[in-house]
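Participant: The structure is given below, and queries will be raised subsequently.
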Amino acid sequence: MSVLPQLLLDGVLTGTSYALMAAGLSLILGVVKVVNLSHGAFFTLGAYVAYALSSGGAEYHPAAAVFLGSGIAFAFGVFLGKSFINPVRSHPFSVAVGTLAFALLFEQAAQFLWGPHPLVIAGGAPFAGPLGTTIRPWGVAALLSSAVLFPGMRILLSSRWGLPMKLIAEDEEIAESVGVDVEKTRYLTFGAASAIAASCGALLAPAAAIAPTMGRSPLILSLIVVIVSGMERPWAGFLLAVALGLLSNLSAYYLAPEASYLLLLAAVCALLAFRPAGLAGVGIARDA
C-alpha cells in the first residue's frame, strides 16, 4: 500500500499546527510591532506541559494539555510583555536580544528540570481514515483548533472587542486619542499569542521528540509564514503553513529528515528573491 496518502494527511495536520503558531506571531508583529524570538520557547512550554500531564502512565488528553499549557503561557507572556517588551519595544535590537535571551533561559530551565534527552508521549489510540490512512487524535485537535481560531480572529477583529487592536495596529496615536489603553492591549496581545504558541506545542507533542530546543524550528517556520504571506491575510498564511507542512513531510521521507528544513528555507529564499516584500507585499510598520 502506498504511503503517500498518509504522508499527505500528516503534512496537512502538521501544517495546521504551524499555521496556529504563525497566527500568534502575526498578532505580535501587527499589534505590538516587535519580532518575538521567544515565540518558540512557548511552543516548547506547551509540549512539556503535555508531557507532564501524560507522565506516570496517564493518557494524553489534547484538550487538557492545551488548556493548562495556554494558561501558563498566557501568564508568562503577560509578565514578559508588561515587564520587558513594553518598556523597550522602541529599540528593536534590545527586543531581539532580550527575547532571544528569554528563549535560551527557558531552554536551560527545561534541560535542568527534564534533562537534555528527548522525551516522547503516546498520542492516544488512532483511528482509521480514508485510503488506508491512520488519523491521530492530536491531528484532529490541531485541525479543529485552526477551524475555530482563524474565523474567530476574523470575527474578533471586525467586532468592537477587537477594535483597540486594529486601531493600535494602524496608528497608536489615534488609538490613544480615543481612550484605548495601548500598553495594556500590547501585553495582553503578547500573552494571547504566547498562549497560542503553547497550544501548538501541546498539540504537536505526541508527533515530535520533546526536547529543550524543539521550539527553534517552529519559530523559523512561523516567521517564514508571516514574512512571505503577510499579516493582512491570515488565510494566505494558513494555506502557506499547510504547504510547508506537506513539503516538510514529503522531503523528510523521500530525501532525508535533515534535508527537510534546508529545502524549506531554500524555497522561501528563492521566493523572496523574486518577491522581497512577500506574497502580500506589505511591510512591517513601527511606531516610535
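FYI, it's all coordinate maths here, none of it is from the lab. Keep in mind it's a predicted model, so treat the numbers as computed, not measured. Counting neighbours? That spans all protein chains shown, and the Cβs are built from the backbone with ideal geometry, glycine included.
Participant: Given the -39500 (n - 2.57) contribution per DSSP H run of 4+ residues, what per-residue ellipticity at 222 nm results for the chain, rounded to the nearest 500 deg cm²/dmol?
Facilitator: It lands at -22500 deg cm²/dmol.
Participant: Taking a quarter of the surface of the convex hull around the Cα atoms of the chain, what do you get in nm²?
Facilitator: Across all orientations, the chain yields a mean hull projection of 15.3 nm².
Participant: DSSP H helices in the chain with Cα extent of 15 Å or more along the helix axis and mean Kyte-Doolittle hydropathy at least 1.0?
Facilitator: Both cut-offs are met by 4-27, 39-54, 62-80, 92-114, 137-157, 216-229, 234-254, 259-274.
Participant: Sort the following peptides by mean Cβ neighbour count (other Cβ atoms within 10 Å, averaged over residues), highest first: 44-55, 173-184, 134-145.
Facilitator: Highest to lowest by the protection proxy: 44-55, 134-145, 173-184.
Participant: Spin-label point model (7 Å from Cα, Cβ direction): what's the Leu263 to Glu59 distance in nm?
Facilitator: With each label placed 7 Å out from Cα toward Cβ, I get 3.6 nm.
Participant: What is the pair-distance distribution P(r) of the range 121-265, computed from all Cα-Cα distances in 10 Å bins starting at 0, with each bin given as a whole percent?
Facilitator: 9, 31, 34, 17, 7, 1
Participant: Starting with the fewest neighbours, write out Cys200, Cys269 ranked by other beta-carbon atoms found within 10 Å of each beta-carbon.
Facilitator: Cys269, Cys200
Participant: Given springs between every Cα pair under 10 Å in a Gaussian network model of the chain, which of Leu203, Leu27, Leu250 has the largest fluctuation?
Facilitator: Evaluated over the chain, the most mobile residue of the options is Leu250.
Participant: Per-residue counts of other Cβ atoms within 10 Å, averaged by peptide: what ranking do you get for 165-172, 191-198, 73-80, 86-93, highest first?
Facilitator: Peptide ranking by packing, descending: 191-198, 73-80, 165-172, 86-93.
Participant: Calculate the length of the line joining the C-alpha centroid of the range 69-148 to that of the range 212-273, in whole Å.
Facilitator: 17
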